[in-house]
Structure formats: C-alpha cells, structure tokens
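Structure first, commentary second.
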Amino acid sequence: MEDRVVEDVKASFPDDVLEIDVQRRGRVSISVKRDRIYDVGLFLRDKLGFDHIASVSGVDYIDKKEFEVVYHAWSIDKKILAALRTRIPRDNPVLKSLVDVWEGALYHERETWEMFGIKFEGHPNLSLLLLPEDWEGIPPLRKDFILPKRPQE
Amino acid sequence: MKLSMGPQHPVTSHFRFILDVDGDAVLNFEWDVGYTHRGIEKMAENRIYIQNIPVVERINSYCDAIGTTLGYVEVVEELTGIEIPERAKYLRVIAAELNRIASHLYAVSLVGISAGFETMLMWTINDRELILDLLVKLSGQRITYTYPTIGGVRWDMPDGFKEDALKRLDYLEKRLEDYYKMMAWNRTFQMRFKNVGILKPSDAVKLGIVGPNLRASGVKADVRKDEPYEVYDRFDFEVPTGKNGDSFDRASMRLKEIEQSIVILRQALKDIPKGPIKGSPKGSKIPPTAPRGEAYSRVESARGEFGYYLVSDGKSKPYRLKISTPSFRNLPALPHLCRNVPLGDIPVIFITFDYIPLDVDR
Amino acid sequence: MLSKVRERLMNIKFLRRILNWGRAWSLWSVHLETGCCGPEDMGRACARFDTERFGTLPFPTLRECDLLFITGLVTKKMAKRVRMIYDQMPDPKYVIAIGECAATGGFYWDSYSVVQGVDRVIPVDVYVPGCPPRPEAWIQGIKMLQEKIKKEGIDEK
Ligand code: SF4
C-alpha cells in the first residue's frame with residue numbers, strides 16, 4: 001500500500017518531489033519544493049484519498065535558517081498517514097495556504113502563523129488565536145524565543 | 001448585532017463565542033479561544049523526556065489524562081525503540097478504557113445540564129466516582145494519574161482490583177439502562193436534540209472532525225481498529241456509528257462507547273498475563289536521549305484522536321513536540337453548523353461536541 | 001443617616017455575629033473555570049462530596065454570588081476577565097484559590113502566558129494547595145473561609 005502511494009506521487013511529480021520514503025507501516029513522508037506544495041496536496045487529496053487533515057506543524061531549524069512546515073493527512077480507507085513537508089527560508093516565511101485543499105487546516109494554519117510567524121498566502125483570517133490579544137514580540141515557538149531556566153541550572 | 005458569550009457562562013466554560021445575531025437567529029459564529037493557553041509545546045522543549053509526561057498530561061488532565069499521556073509515551077517509545085512488557089500493555093489498556101468511561105460520563109453529565117436535566121448530572125457524576133475510585137486504586141490520583149511512563153506503567157494492580165473492577169462494571173452496565181431511559185428514549189430529550197446541528201459525513205471528513213463526533217456522522221474511523229496500538233488488536237469489540245449525525249446521535253454515541261469499553265475491559269481483565277510492568281525488571285533503564293529523527297503517534301482518547309509529532313535532534317530534550325489535540329481538530333465544526341440556527345440551539349450543539357478548552361489551547 | 005445607624009448596629013458584637021454566621025453559611029459560588037482543576041469543581045458540588053451541605057451553591061449568574069473559586073492556572077488573557085468578574089460581584093466577596101497554579105504559578109513556572117499566582121490580579125482569602133486538590137481539600141478550604149468570615153469585624157481579645 002505505502003509503496004503504491006510512493007510510486008504514484010513519484011510518477012506524477014518527478015521533478016518536484018525532493019525526497020520520499022516510507023518511514024514505517026502506515027507512514028509516508030513526502031518532501032516537496034516550496035511552490036508546488038499546493039498541487040501535491042491537491043493530488044494527495046483527490047487522487048490518493050488523503051482527505052482527513054491531522055495536523056499542521058512548523059519546525060524551526062535555526063542553524064540552517066529555515067522553517068519546515070509539515071502537513072499530516074490521514075487516509076480513511078487506505079489507513080496511511082502522509083507527511084507532506086516543505087522548507088522555507090527563515091527571513092521570508094511565506095507559503096501558499098492549503099485551506100482550499102483541506103478545509104480543516106484553517107485553525108492549524110492560523111496557529112502556525114501565530115506561533116512561528118509563517119505567513120500563509122490566501123488564508124482567510126490570519127489573526128491571533130491562542131495568544132493574548134496584546135501579544136508583542138517574536139512568535140513564541142521560534143527557537144530564539146527563550147524560556148527561563150531553572151534557577152539552579 | 002454582535003453578541004459575546006463567555007468566558008463566564010454556565011455552558012461555555014473557558015470559551016468565548018462571538019455571534020452575529022439577527023433577532024433570535026445566529027448568522028455567524030466565531031471562536032475566541034486561548035483563555036487557557038499555556039504554551040505546553042514550548043515548555044516541552046525546556047524539559048527532558050521523562051519530565052514531559054506530567055506536562056503533556058495537563059493538556060487534558062481535565063478528563064482524559066491517560067489517553068493524553070499514552071500518546072506521548074508511545075511516540076517516545078517509537079523513536080527510542082523501547083519494547084514494553086505484555087502486562088504493562090494490558091494495564092495501559094485497562095487504565096485508558098476506565099478513563100474513557102469516566103470521561104464519557106462527564107460528557108453525558110454536561111449534555112444533561114445544558115438541557116436542564118439536573119438528575120442526569122447528579123447520576124453520571126456519581127457513577128463517575130465509582131470509576132475514579134478504581135483509578136485511584138491503580139495510580140493514587142483522582143484526575144492527574146501520570147500512569148503510563150516511558151517503558152511501561154508506574155504501578156501494578158493492587159490485590160483484589162480485578163474483582164472490584166468487575167463488580168463495578170456490572171453495576172455500571174445496569175445503570176446504562178437507566179441512562180438510556182432517561183436520555184435516549186426520553187421524548188423531551190429527543191425533541192430537544194434530534195435534528196439539531198446535523199453534520200453530514202462528507203463535511204465531517206472535510207473539516208477534519210475526529211472521535212465520537214466523526215463516528216456519530218456515520219464514518220467508521222477509530223484508531224483502536226485502524227492502527228491498533230498496545231494490544232487493542234486482541235480484543236473483540238465494535239465501533240459504534242451514528243445514522244444522522246445530529247446532536248442526539250453525538251450525545252448517545254458516548255453511551256454506546258461506554259458499553260464497548262466495558263466489553264474491552266472485561267476481556268482485558270480476564271486475559272492479563274503475569275510479569276513485570278516496566279522495561280527492565282531491575283527498575284527503569286530508560287535511555288536519557290532519543291536518537292535523531294522523527295515520529296508521529298496516534299492514540300484514540302475519549303474525545304478522539306491525539307496526534308503527537310516529535311522531532312528529536314539527539315539531545316535529552318525534544319527539539320519540537322507538536323500536539324494535535326482532538327478538540328482543536330473539532331473546532332471548525334461549530335462555525336460550519338451554527339449558521340441560521342436559533343440562539344437557543346447553540347448550547348446544545350456546542351455541548352454535544354464535548355470540547356475541552358484546555359485541550360484546544362494547550 | 002442610615003449608614004450611621006448601620007455602622008452602630010454593626011458594632012454591636014451580637015448582631016455582627018449573627019450577620020457573619022449568615023454570610024458564612026450561604027456562600028454562593030460563581031461558575032468560572034480557569035484551569036485543569038475544573039472537573040473537581042463538579043466532583044465537589046455533586047452528590048458524593050456535596051458542598052451544598054456547607055451552604056456553597058454553584059450558581060450561574062455572578063451578580064448574585066459572593067464566592068469566586070479560581071480553579072487552577074490563570075493565563076494573561078484570562079486575568080483581565082477574572083478581574084472584570086471580580087469587580088462585578090457585589091460586596092462582600094471572597095476568593096478561594098484552588099491548586100498550586102493559582103497560588104504560585106506552580107507547574108507553569110516557565111510558561112510565557114501564565115500569571116504566576118492569581119493574587120497578582122485579585123485578592124485571595126484562602127489558598128488550597130494540590131494538583132489538583134481532592135474535593136475534601138476544597139471542603140476544608142470552604143470551612144477555613146467560614147472561620148475567617150465568622151471573625152470579621154469582631155476583635156477577639
Ligand atoms: S494545580 Fe495542577 S491540576 Fe490545577 S490547574 Fe494547576 S496544573 Fe492543573
């Protein structure tokens with residue numbers, strides 16, 4: 001099953017997929033170019049049946065000056081979780097929103113925006129969701145936002 | 001006109017809704033969440049793996065602490081490759097199912113109080129105490145158990161636990177009949193809840209709804225069946241689904257799930273093998289670091305699917321821990337459903353989704 | 001004129017005692033849950049622990065209440081609302097802080113959005129430690145508050 005997914009994606013997007021592998025049973029990881037993530041997402045949903053969005057996470061790789069955005073989508077009949085990921089530069093964190101693909105990503109993307117400052121183009125409502133209304137300063141989940149240490153450390 | 005509901009409101013608890021109302025009809029629904037946002041994902045990066053167990057537990061220590069910790073513990077075990085003993089797996093299942101029952105009873109009580117059935121609140125909360133007593137025997141705490149740990153569980157079953165548990169389950173099964181009588185078969189209740197807030201299966205999938213709410217719409221999706229973790233593949237149980245996807249289905253889904261939990265518990269209590277409860281018999285030998293890499297674990301908690309996405313850079317603290325919580329994933333449902341509905345139906349629709357604010361905000 | 005009479009009357013120890021006794025046994029509590037100590041609020045109010053025995057009745061409208069339970073952590077976003085709710089309650093009003101978080105911030109000492117102790121926002125009468133405190137501890141907190149109220153305005157010397 002997982003291999004079929006890998007082959008299908010590879011066959012349809014030979015140039016845009018940077019890395020694709022099966023991590024274990026039921027887990028497929030697809031790394032794509034930044035500007036094609038929308039098309040791959042659409043392909044995953046319509047052709048392969050990954051219709052249930054599970055999470056959208058940002059990861060801050062501060063050493064490489066990059067953010068990674070990971071969309072986890074679950075396929076209800078195939079029973080596979082696909083991780084669709086892409087890297088974007090840290091100084092220009094803009095990505096096309098996938099809300100049109102997975103409507104459920106609405107709040108996930110909004111949260112990623114406020115926690116990392118990643119701007120999702122085409123998202124209907126990017127405003128603070130969880131943070132206090134008067135939040136100022138850098139988004140908290142970036143690595144350069146540092147929490148206090150234990151006093152004895 | 002804009003109407004603001006909460007955060008001090010008998011139904012909404014920590015949430016605030018911003019409603020566009022025209023007379024009695026609600027035109028638009030907007031969430032205002034974040035009243036309990038603590039930044040647990042950031043705090044997790046500040047602590048070592050084993051310290052994080054109680055931290056992530058606070059996400060939903062509200063009702064379903066075992067389901068929450070189980071997901072975290074599993075993702076760490078997957079990354080580090082720790083095998084856990086058979087008995088620990090069974091104990092985890094037992095604790096998780098007991099907690100599921102307690103959580104569903106809590107949910108049913110809220111459904112009752114939102115519709116003005118105070119008896120239902122008193123009965124269910126009282127029966128929940130029976131289950132909490134069992135969990136106290138198992139772990140020593142009423143709500144925040146911190147029971148599963150990396151490499152096993154913290155405590156073994158005390159003597160006489162099995163008999164006690166079976167007795168209480170028998171009692172609870174009888175009580176379920178009463179609940180059905182009071183709720184599901186009750187005309188007044190049906191009038192209030194039937195055909196209110198119908199969520200179609202296609203919409204439910206599209207919006208990414210999880211757990212009993214998704215199953216109430218008729219989609220058969222349960223992590224315990226789809227991707228069995230621990231020993232769920234050894235038990236014989238059903239995944240109940242609803243027909244219409246209305247508030248009534250969602251409310252009674254919780255009762256049906258309690259029934260199935262009792263079925264699982266009976267089997268687990270019968271089959272549980274003897275042996276150690278933690279990774280190594282001499283005590284915990286947990287490696288202090290996790291290898292470089294990433295893992296994603298899925299767990300079916302009472303409110304639905306928990307997803308833990310862990311990225312490790314080989315150090316003793318997580319590099320990134322993303323927690324995808326069921327209530328957060330259920331958020332899009334209400335703005336979708338609450339269009340052109342009477343204001344009086346908002347609490348009914350809201351409460352059947354069983355949102356936990358702490359779970360949304362993290 | 002009226003207030004002067006009232007003051008005089010209140011200085012009579014016997015009357016003051018009766019008033020305090022009445023207040024101590026009819027503490028109505030606001031429904032405001034701020035943290036994960038919340039479910040025990042249900043536990044203590046329902047049949048098994050039943051704090052209504054001590055006159056503490058959970059009530060939905062805050063305008064008629066005089067007791068505020070702070071159930072656990074208070075975030076910065078919530079703190080403003082807590083203050084607002086406290087200001088709206090009629091005098092005399094009392095606050096019981098439940099849980100470590102409400103007392104000191106406890107578990108969330110390094111969190112960026114949790115207020116380190118609710119007493120930075122509103123005055124607190126009784127602290128109940130625990131994470132979360134058992135319903136028995138809630139009851140003890142209520143009893144302590146009652147003791148405190150009974151001594152109000154009376155110099156015991
Ligand atoms: S004291 Fe414990 S249970 Fe209560 S709010 Fe704080 S962390 Fe949650």
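Helix C:76-88 versus the longest principal axis of chain C: what is the Cα-based angle in degrees, 0 to 90, to the nearest 10?
Rounded to the nearest ten degrees, it is 20.
Contact order normalised by length for the range C:21-106, with contacts defined as Cα pairs under 8 Å and 6 or more residues apart; what percent is it?
For the range C:21-106, the relative contact order is 35 percent.
Give the separation of the Cα centroids, the range A:83-133 to the range B:88-115, in Å.
34
Full-extension gain between residue C:5 and residue C:26, please, as 0.36 nm times their residue separation minus the C-alpha to C-alpha distance. Don't jump to the answer; show the numbers that get you there.
Working: separation 21, 0.36 × 21 = 7.56 nm, distance 2.48 nm.
Result for the pair: 5.1 nm of gain on full extension.
Projecting each Cα onto the charge dipole of the protein assembly as shown (Lys/Arg +1, Asp/Glu -1 at the beta carbon, about the Cα centre), which of B:76, C:31, B:291 comes out farthest on the positive side?
In the protein assembly as shown, that residue is C:31.
For the pair residue B:163 and residue B:184, how long in nm is the line joining their label points, each one 7 Å along Cα→Cβ?
My value for the distance between the label points is 3.3 nm.
If one takes the accessible area of chain C alone plus chain B alone and subtracts that of the pair, with a 1.4 Å probe, what total in Å², rounded to the nearest 100, results?
Values: alone 9450 and 14930 Å², together 21150 Å².
Chains C and B together bury roughly 3200 Å² of accessible area.
Calculate, in nm to one decimal, what residue B:313 and residue B:146 gain on full extension: separation in residues at 0.36 nm each, minus their alpha carbon distance.
Values: separation 167, 0.36 × 167 = 60.12 nm, distance 2.56 nm.
Using 0.36 nm per residue and subtracting the Cα-Cα distance, I get 57.6 nm.
Please name the residues of the range A:99-120 whose accessible area, counted over protein heavy atoms with a 1.4 angstrom probe, falls by no less than 30 Å² between the chain alone and the full protein assembly.
When all protein chains are present, A:103, A:104, A:107, A:108, A:111 each give up 30 Å² or more of accessible surface.
For the range A:2-93, calculate the relative contact order in percent as a whole number, restricting contacts to Cα pairs under 8 Å that are 6 or more residues apart. Let's see the in-between values first.
Working: 168 pairs, mean separation 24.1, N = 92.
Contact order relative to length: 26 percent.
Can you give me the Rg/Rh ratio for chain B, using Cα atoms for both radii and the Kirkwood formula for Rh? Don't skip to the end; give the middle numbers.
On the way: Rg = 20.4 Å, Rh = 21.0 Å.
Radius of gyration relative to Kirkwood radius: 0.97.
How large a share of the accessible area of the range B:47-361, in percent, is made up of carbon and sulfur atoms when the probe is 1.4 Å and the other protein chains stay in place?
That share works out to 52 percent.
List the lysines whose Cα lies under 18 Å from the Cα of residue C:148, skipping any in the same chain that are fewer than 8 positions away.
C:13, C:93, C:157
In terms of modelled amide H atoms, which long-range or inter-chain residues lie less than 5 Å from the amide H of residue B:154?
Those lying under 5 Å, H to H, from residue B:154 are B:149.
Before I look further, what does chain A give for accessible area per residue, probe 1.4 Å, in whole square angstrom? Let's see the in-between values first.
Numbers: 6970 Å² over 153 residues.
Per residue, chain A has an accessible area of 46 Å².
Taking θ = phi - 60°, what integer Hz values does the Karplus form 6.51 cos²θ - 1.76 cosθ + 1.60 yield along the range A:64-73, in sequence order, with x for Gly and Pro?
Values per residue, Gly and Pro as x: 8, 6, 9, 10, 10, 10, 10, 9, 9, 10 Hz.
Would you mind getting the accessible area per residue of the range C:11-138, heavy atoms of the protein chains only, 1.4 Å probe, in Å²? Each step should come with its number before you reach the end.
Working: 4930 Å² over 128 residues.
Result: 38 Å² of accessible area for each residue.
Keeping the other protein chains in place, figure out the carbon and sulfur percent of the accessible area of chain A, with a 1.4 Å probe.
Details: 3260 of 6970 Å².
Carbon and sulfur: 47 percent of the exposed surface of chain A.
Within the range B:48-85, whose backbone N sits under 12 Å from a point 7 Å along Cα→Cβ of residue B:155?
none
Mind jotting down a quarter of the surface of the convex hull over the alpha carbons of the range C:68-157, in square nanometres, one decimal? If you can, show how the numbers build up before the last one.
Numbers: hull surface 25.7 nm².
Its Cα hull, projected and averaged over all orientations, spans 6.4 nm².
So how much accessible surface do A and B hide from each other in total, probe 1.4 Å, in square angstrom to the nearest 100? Don't skip to the end; give the middle numbers.
Values: alone 9120 and 14930 Å², together 20430 Å².
Accessible area lost upon association: around 3600 Å².
Before rounding to the nearest 500, sum -39500 (n - 2.57) across all DSSP H runs of length at least 4 in chain B and divide by the residue total; then give [θ] at 222 nm in deg cm²/dmol.
Details: 15 runs with 167 residues, N = 362.
The per-residue figure over chain B is -14000 deg cm²/dmol.
Heavy-atom accessible surface, probe 1.4 Å, ligands and DNA/RNA ignored: which residues of the range B:307-329 lose at least 20 Å² versus the isolated chain?
Going by heavy-atom accessible area, the residues of the range B:307-329 that drop by at least 20 Å² are B:309, B:311, B:317, B:319, B:320, B:322, B:324, B:328, B:329.
Under 21 Å Cα-Cα from residue B:270, which lysines qualify once same-chain neighbours fewer than 8 residues away are excluded?
Candidates past the 8-residue exclusion: B:89, B:137, B:162, B:167, B:174, B:225, B:278.
Compute, for the range B:47-361, the length of the dipole vector about the Cα centre, with Cβ point charges of +1 (Lys, Arg) and -1 (Asp, Glu) only. Units Debye, rounded to 20. Write down the numbers at each step before the final one.
Values: 45 positive and 41 negative charges, 76 e Å.
My answer is approximately 360 debye.
What angle do you read, to the nearest 10 degrees and between 0 and 90, between the alpha-carbon axis of helix A:2-12 and the longest principal axis of chain A?
90
Counting Lys and Arg as +1 and Asp and Glu as -1, what is the net charge of the other residues whose Cβ lies under 12 Å from the Cβ of residue B:291?
On the way: positive: B:292, B:315; negative: B:78, B:294, B:313.
Counting the neighbours of residue B:291, the net charge comes to -1.
Starting from the Cα of residue C:87, step 7 Å toward the Cβ, then list every residue of the range A:122-137 with an amide N under 20 Å from that point.
Counting only backbone N, you get A:132-135.
What dipole magnitude, in Debye to the nearest 20, does the range C:27-150 give about its Cα centre under +1 on Lys/Arg Cβ and -1 on Asp/Glu Cβ?
Working: 15 positive and 15 negative charges, 40 e Å.
So the dipole magnitude of the range C:27-150 works out to roughly 200 debye.
How large is the charge dipole for the range B:1-125, taken about the Cα centre, if only the Cβ atoms of Lys, Arg (+1) and Asp, Glu (-1) carry charge, to the nearest 20 debye?
On the way: 10 positive and 16 negative charges, 77 e Å.
Computed charge dipole of the range B:1-125: roughly 360 debye.
What accessible area per residue comes out for the range B:252-362, rounded to a whole number of Å², with a 1.4 Å probe? Spell out each step's value before the answer.
Values: 3380 Å² over 111 residues.
Result: 30 Å² of accessible area for each residue.
At 37 °C and a viscosity of 0.692 mPa s, what translational diffusion coefficient does Stokes-Einstein give for chain C, taking Rh as the Kirkwood radius over Cα pairs? Give it in µm²/s as a whole number.
On the way: Rh = 16.3 Å.
The diffusion coefficient I find is 201 µm²/s.
Calculate what fraction, in whole %, of the accessible area of the range C:59-157 sits on carbon and sulfur atoms when a 1.4 Å probe is rolled over the protein chains. Before the final figure, lay out each step's value.
Numbers: 2260 of 4140 Å².
Taking all protein chains in place, the range C:59-157 shows 55 percent carbon and sulfur surface.
Going toward the positive end of the dipole of the range C:27-150, with +1 on Lys and Arg Cβ and -1 on Asp and Glu Cβ, which of C:108, C:49, C:141 do you reach last?
Highest projection toward the positive end goes to C:108.
Compute the angle between helix A:105-116 and the longest alpha-carbon principal axis of chain A, please, reported from 0 to 90 degrees and rounded to the nearest 10.
40
Which FRET efficiency value, to the nearest 0.05, is calculated for residue C:144 and residue C:19 with the Förster distance at 25 angstrom and r the Cβ-Cβ distance?
Details: r = 19 Å, r/R0 = 0.77.
For residue C:144 and residue C:19, the calculated efficiency is 0.85.
Using Cα-Cα distances under 8 Å and only pairs 6 or more residues apart, what relative contact order does chain C have, in percent? Please report the intermediate quantities before stating the final value.
On the way: 278 pairs, mean separation 39.2, N = 157.
Result for chain C is 25 percent.
Rg over Rh of the protein assembly as shown, using C-alpha atoms and the Kirkwood radius, what does it come to?
0.97
Which of C:19, C:89, C:126 sits farthest toward the positive end of the charge dipole of chain C, with +1 on the Cβ of Lys and Arg and -1 on the Cβ of Asp and Glu?
Going by the Cα projections, it comes out as C:19.
The values are calculated or read from the model by the stated rules, or taken from the named source; none is laboratory data. From a predicted model like this one, the values you see are computed outputs, not experimental measurements. Cβ: placed from backbone, ideal geometry, glycine included. Neighbour counts: every protein chain shown. These area figures cover heavy atoms from the full protein model, side chains too; ligands, DNA and RNA do not enter into them. Shrake-Rupley method; radii C 1.70, N 1.55, O 1.52, S 1.80 Å.
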